[in-house]
Amino acid sequence: MPEPQAEFVIAASFRLPGLGLLVLPTLPAPTWLADYALHTALAIKLLVEGLQPIPLTGTVEELAHANQPVQRALLLDFAPDTPLPIGTRLEVTEALP
């Protein structure tokens, strides 16, 4: 399992109506994402400069595009009005039961 407070930097985010916000990591992707089984729930903090950390829950997911390798991502139980900016940081604090 990853060390507590593993960092995830967002390269892109997409709203999935009814599901939440899918966020893709910057490359190289954090290797610790592969340590978790798919759909593992994680306690996450959204770190936005100038604001208190926002606690969230997310799950480990996989995304596949045609002719591209499978990529791990996080699906956040969070639905802001706009996608999160590139470079926004998440801090994964623990796996949830």
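Order by neighbour count: Phe8, Phe78, Phe14, fewest other Cβ atoms within 10 Å first, most last.
Working: Phe8 26, Phe78 17, Phe14 13.
Going from least to most buried by this count: Phe14, Phe78, Phe8.
What's the local net charge at Ile10, with K and R +1, D and E -1, over the other residues with C-beta under 15 Å away? Each step should come with its number before you reach the end.
On the way: positive: Arg15, Lys45, Arg72, Arg89; negative: Glu7, Glu49, Glu61, Glu91.
Taking every other residue near Ile10 into account, the sum is 0.
Provide Rg over Rh for the chain; use the alpha carbon set for both Rg and the Kirkwood Rh (inverse mean inverse pair distance).
Details: Rg = 12.5 Å, Rh = 13.5 Å.
When Rh is taken as the Kirkwood radius, the ratio is 0.93.
Of Leu21, Leu38, Leu75, which has the largest mean-square fluctuation in a 10 Å C-alpha GNM of the chain?
Leu38
Using a cut-off of under 19 Å, list every residue of the range 21-36 whose amide N is near the label point 7 Å from the Cα of His65 along the Cα-to-beta-carbon line.
The answer is 21-30, whose backbone nitrogens lie closer than 19 Å to the label point.
With springs only between Cα atoms under 10 Å apart, run a GNM on the chain and tell me which of Pro53, Pro83, Pro17 wobbles the most.
Maximum among the listed residues: Pro17.
GluC sites (Glu not before Pro) within the range 15-89: which are DSSP loop residues with at most 10 other Cβ atoms inside 10 Å?
Values: sites: Glu49, Glu61, Glu62; in loops: Glu49.
Answer in residue order: Glu49.
With springs connecting C-alpha atoms under 10 Å apart, model the chain as a Gaussian network and identify which of Leu42, Leu24, Leu51 has the largest mean-square fluctuation.
Of Leu42, Leu24, Leu51, the most mobile in the Gaussian network model is Leu51.
Around Leu33, what is the net charge, scoring Lys/Arg as +1 and Asp/Glu as -1 over all other residues with Cβ under 12 Å from its Cβ? All intermediate terms of the calculation are to be shown ahead of the outcome.
Numbers: positive: Arg72; negative: Glu7, Asp35, Glu61, Glu62.
Neighbour charge sum, excluding Leu33 itself: -3.
Where a number appears in this text, it was derived from the coordinates with a stated rule and is not lab data. Bear in mind the structure is a predicted one, so any value in this text is a computation, not a measurement. FYI the Cβ positions are ideal-geometry reconstructions off the backbone, even for glycines, and counts take in every protein chain you see.
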